[in-house]
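Read through the structure below, which is laid out as structure tokens, and then see the notes.
The values are calculated or read from the model by the stated rules, or taken from the named source; none is laboratory data. These numbers were taken from a predicted model, which means no experiment stands behind them. Reconstructed Cβ throughout: ideal geometry from the backbone, glycine too, with neighbour counts over all protein chains shown.
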Amino acid sequence: MIRTYTILTLLACLCSANIAFSQDKDKDNSIPLDHFYVDRKGPGIRKLLSKFTIGLSTGYGATTFKHELDGYGIYQPASGQPIVFNPDVPTVGFTNWFNRVDTTTLAINPADFAVNSDTAKIGFKSKSFNIPLKLTIHYEFLKRYRVGLGYSLEFTKVKPFEPLSYDKQLNNFKPDVSSFMLQKYFVMLGGSVYRYENYLLTIDANIGGYGLGKKFDKGNITRGIYFNLGATVEREMSEYFRVFIRPSYEFKTFKLASLAGSPEFKHKMNAFYVNVGVSYRLPELRKCYNKQCSIQINHAHGNREYRSRRHPIYKKQNPHYGENYPELIKYKGKNKRKLNPY
């Protein structure tokens, strides 16, 4: 009897333990992580600002000033500069027709050389140069396209104009302006088309207006918009910093009003540019406030995430594992030629 009672008691205890165990399995025994982790604050307005890139560049531009004198004639005195005249009004000559109109009383000597646009293609051209200083800011979206604004200030040299034809009979034309400051303001549109490792190729266009400076008669000059098409090759030095080179070609023209009854003087000033510069994208994360912090990756202090203080803007970094010194010292410099650098 005693044995039977003992066995029944043990069975009852086992059943109650199984029921309690099955009930515990149904409970949520997960660790409450909210007691160990805090909600991190987002970057806020910096997330939007990080889409903007500022660029600064300089370089060299080769500008060709060119004009054709349709409806005019050219008279070359025995000495001095050529004089342009309207065949319908041959008593008035133009001594300057580039930046402003200057006239003089004209008396053509039959012994001197004269040519008319009715019988030949006449005009002048000058191959000059520019030194640009250019500032841009653009917004990148979809990791490919960009739109922005820019401003350029260029020192422009004006060399003497050579005749398009009859260079043996006609002297060079020297306007009274030898240099001027060219201002340009534009909209920038572009898209990236190819990437190779840290190099990025972008095709972009600058479209806008320009100013010719104080030496030009702005009241009698009509300017159109200019169009610049280029290809930018960028080298990513770090997450935020790039260097680039941008060859481009530019089209622009202006017209100078002449005397009443005479045609306008139409000038072309197309140019080829090579710009070199740097660009900087605004970081999304703040730099770590702790000057003693040596963490190389993006990290958190409290409820805010920071970028490393150890990341120089000129060196490529991986925000996940640092990469401050990706190449060991034993593989650098003179150590490359040593069998045992240590």
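Regarding residue 254, is this residue surrounded by 14 or more Cβ atoms within 10 Å (Cβ to Cβ) and more than 19 Å from residue 316 (Cβ to Cβ)?
yes
Scan the stretch 209-235 for residues that are buried (at least 18 other Cβ atoms within 10 Å of the Cβ) and within 18 Å of the chain's Cα centre (by Cα) and jot them down.
210, 226, 228, 230, 232, 234
State whether one or more residues within the stretch 290-312 are part of a helix (DSSP H, G or I), more than 22 Å from residue 42 (Cα to Cα) and either at pLDDT below 85 or not assigned by TED's automatic domain parsing to the domain that holds residue 184 (or both).
Looking through the stretch 290-312, none of the residues is part of a helix (DSSP H, G or I), more than 22 Å from residue 42 (Cα to Cα) and either at pLDDT below 85 or not assigned by TED's automatic domain parsing to the domain that holds residue 184 (or both).
I want to confirm something. Restricting to the stretch 168-208 and keeping residues that are among the small types (Gly, Ala, Ser) and in a strand (DSSP E or B), which single residue is surrounded by the most Cβ atoms within 10 Å (Cβ to Cβ)?
190
Can you go through 161, 180, 98 and tell me which one is of a type outside the set (Asp, Glu), at pLDDT 95 or above and not assigned by TED's automatic domain parsing to the domain that holds residue 57?
98
Between a first residue in the stretch 222-233 that is closer than 21 Å to residue 192 by Cβ and a second residue that is of a type in the set (Lys, Arg) and surrounded by 15 or more Cβ atoms within 10 Å (Cβ to Cβ), which pairs have beta carbons less than 9 Å apart while being 6 or more apart in sequence or on different chains?
Sorted first by the residue in the stretch 222-233, then by its partner, the pairs are 227/252; 228/184; 228/252; 230/246; 231/246; 232/246; 233/246.
Determine whether residue 222 is in a strand (DSSP E or B) and under 18 Å from residue 265 (Cα atoms).
Yes; evaluated as a whole, the condition is true for this residue.
Does residue 286 count as among the charged types (D, E, K, R), within 23 Å of residue 143 (Cα to Cα) and surrounded by 16 or more Cβ atoms within 10 Å (Cβ to Cβ)?
no
Among the residues of the stretch 66-86, what is the count of those that are under 22 Å from residue 270 (Cβ atoms), in contact with a strand residue (DSSP E or B) (Cβ under 7 Å, 6 or more places away or on another chain) and surrounded by fewer than 20 Cβ atoms within 10 Å (Cβ to Cβ)?
Looking only at that region, the number is 2.
Take the residues in the stretch 131-165 that are touching a residue at least 60 places away in the same chain (Cβ under 8 Å) and in a loop (DSSP other than H, G, I, E, B), then tell me which one is farthest from the chain's Cα centre (by Cα).
164
Quick one: how many residues across the stretch 116-162 are among the basic types (Lys, Arg) and crowded, with 20+ Cβ neighbours inside 10 Å?
Residues in the stretch 116-162 being among the basic types (Lys, Arg) and crowded, with 20+ Cβ neighbours inside 10 Å: 2 in total.
Among the residues that make up the stretch 227-239, is at least one of them in contact with a helix residue (DSSP H, G or I) (Cβ under 9 Å, 6 or more places away or on another chain) and not assigned by TED's automatic domain parsing to the domain that holds residue 310?
Scanning the stretch 227-239 turns up no residue that is in contact with a helix residue (DSSP H, G or I) (Cβ under 9 Å, 6 or more places away or on another chain) and not assigned by TED's automatic domain parsing to the domain that holds residue 310.
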